[in-house]
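Structure, as structure tokens:
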Amino acid sequence: MNTTTSNTTTGATSEVDRELAQTEVGEWIAKNKAAVISAVALIFVGIFGYGIFNHFQTKKHHKFAGELYQVTETKLADFKAKKINAAELKSAVSNTWAPMGSFTGAAPYIIQTADTLAEQGNYQEAYDLVAEGSKRISNKETSYFFNIRAAAFAESLEGKTDVAIKHLKDILSSGVKYFEGKVYLDLGRLYLKKNDSKLAKDSFQWVVDNAKEAEFRKMAKIYLSEL
């Protein structure tokens, strides 16, 4: 019985080898079956391993989101009720966020906190949060929302015009084109603050020539008429 089975298996294997030998690739596979089987096994192990990794990453990110939700809900309420000050709010959120690395899901919580701080005139604390976000989160679209706020908050701080300009330039170099006309319009205004009429004019002219939004083109033309 065993001999018959062995002969059958050997015959089947020989038939497979003959079929594989019909092509160059098949012939190579026939001669290197052990390596091919090992490679296929590694592929399955890799897929399985990625599934495990993805599972734990998802679980970890849910945990991060829960922690940030909890701290922003409680601390923002305390801040609005004047139970804590701006520095304490920023510190609580920052400390919770610190071990999360480049977790993109942190963005809405950080932006919500920063916007709340800015609404109360706490531009430094608001800036610190979004500037940190622009450094830590590499996703270009998410970085846009950090940088656009960082530019606005920096502009509201004494002596931070160059910092605001840098954040706008970071947006342009990223290739993200959300409200590109406004980015150039804001650049023009900031260059005017620095008394750099040449760069201001270039920025406003870009808006006139390229911006899709009529409102931004109209404002740029007004600025140009005054230069």
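The values are calculated or read from the model by the stated rules, or taken from the named source; none is laboratory data. Nothing here was measured: the structure is a model prediction, and the numbers come from that model. FYI the Cβ positions are ideal-geometry reconstructions off the backbone, even for glycines, and counts take in every protein chain you see. In case anyone asks, the SASA skips ligands and DNA or RNA and just uses the protein heavy atoms, side chains included. Shrake-Rupley method; radii C 1.70, N 1.55, O 1.52, S 1.80 Å.
Checking each residue in segment 205-218 for being assigned to a helix (DSSP H, G or I) and either more than 20 Å from I171 (Cα to Cα) or not aromatic (F, W, Y) (or both) picks out Q205, V207, V208, D209, N210, A214, E215, R217, K218. Of all residues in segment 144-165, those satisfying the criterion of being over 14 Å from A114 (Cα atoms) and surrounded by 14 or more Cβ atoms within 10 Å (Cβ to Cβ) are Y144, E155, L157, K160, T161, V163, A164, I165. Scanning segment 190-204 for residues that are farther than 19 Å from A131 by Cα and either in a helix (DSSP H, G or I) or in contact with a Pro (Cβ under 7 Å, 6 or more places away or on another chain) (or both) gives Y191, L192, K193, S197, K198, L199, A200, K201, D202, S203, F204. Within segment 101-113, not a single residue is modelled with pLDDT of 90 or more and surrounded by fewer than 14 Cβ atoms within 10 Å (Cβ to Cβ). Of the residues contained in segment 203-211, one or more are found to be closer than 25 Å to S143 by Cα and either open to solvent by 50 Å² or more (accessible area, probe 1.4 Å) or under 24 Å from the mean Cα position of the chain (by Cα) (or both). Picking from residues in segment 174-202 that are open to solvent by 70 Å² or more (accessible area, probe 1.4 Å) and under 28 Å from N139 (Cβ atoms), the one that is modelled with the highest pLDDT is K182.
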